[in-house]
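Below is one structure, written out as structure tokens, with a few remarks after it.
The values are calculated or read from the model by the stated rules, or taken from the named source; none is laboratory data. These numbers were taken from a predicted model, which means no experiment stands behind them. Counting neighbours? That spans all protein chains shown, and the Cβs are built from the backbone with ideal geometry, glycine included.
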Amino acid sequence: MAQYFSVHPFNPQPRLLRQAAQLLGKSGLVAIPTDSSYAVVAALDDKRAAEALRRLRGVDERHHLTLLVADLSEIGQLARVDNKQYRLLKAAMPGAFTFIMQATHEVPRRLSHPSRKTIGVRMPDHPVVRELLKETGPLLSSTLIPPGETEALNDPVEIRARFEHELAAVIEGGPCPNRSTTVVDLTGPAPEVLRLGRGDPKLIGIEG
């Protein structure tokens, strides 16, 4: 049975987040609220956990998993960032954006796209996520969409019931907007919006 941590949405209890972090350190998967929808996260350097996350989502290695970070300095360790991209990221983060970027050698090869060597990077604007990342460092994540479905789950009680054997814990931290992030590809000559979601492209100078 997955553990259930009910935390304050703006001032989450450190004790409960430390317990969740400990489960992540033992190859566990944890469902967390974000500024878009619920996501499932795993420790970044844990191969077994990454494989379990892909099984839970029903995706293969060609599906971009996303790295959650707490600040811009962490992005520089995981992705190649030039000055123009840095200014763009600074304008958009934290927020409901996912950026596709070229991975650095710090990222395990199994976590990047096998042919493009790219990763998704995201800094959610959510107090629970920010405080959890202080305990864990960058985490591997994916929107919690069950295999064969198209909508993300957004009820923590339902998430626990459906994935009680796959998840180590569920963190309940209030309602999520339940709208996907805006995905922006930064690997080409100019930023390209691949999916329009909750993040406003005008924040990064893209019209439409």
Restricting to region 168-183, and then to whatever is in contact with a helix residue (DSSP H, G or I) (Cβ under 7 Å, 6 or more places away or on another chain) and not charged (D, E, K, R), can you tell me which residue is surrounded by the most Cβ atoms within 10 Å (Cβ to Cβ)?
Val170
Listed by range, helices (runs of 4 or more DSSP H) wholly within region 18-102 having at least 1 residues that are of a type in the set (A, V, I, L, M) and within 15 Å of the chain's Cα centre (by Cα) are 47-57, 72-78
Counted residues, region 103-128 - those being of a type in the set (D, E, K, R), at pLDDT below 95 and in a loop (DSSP other than H, G, I, E, B)
3
Those residues of region 183-206 that are closer than 17 Å to Ala91 by Cβ, in contact with a strand residue (DSSP E or B) (Cβ under 6 Å, 6 or more places away or on another chain) and not in a loop (DSSP other than H, G, I, E, B) come to a total of 6
Being touching a residue at least 40 places away in the same chain (Cβ under 8 Å) and touching a helix residue (DSSP H, G or I) at 6+ places or on another chain (Cβ under 7 Å) is the requirement here; does Ala31 meet it?
yes
Going by the structure shown, is His64 closer than 30 Å to Gln19 by Cβ and surrounded by fewer than 22 Cβ atoms within 10 Å (Cβ to Cβ)?
yes
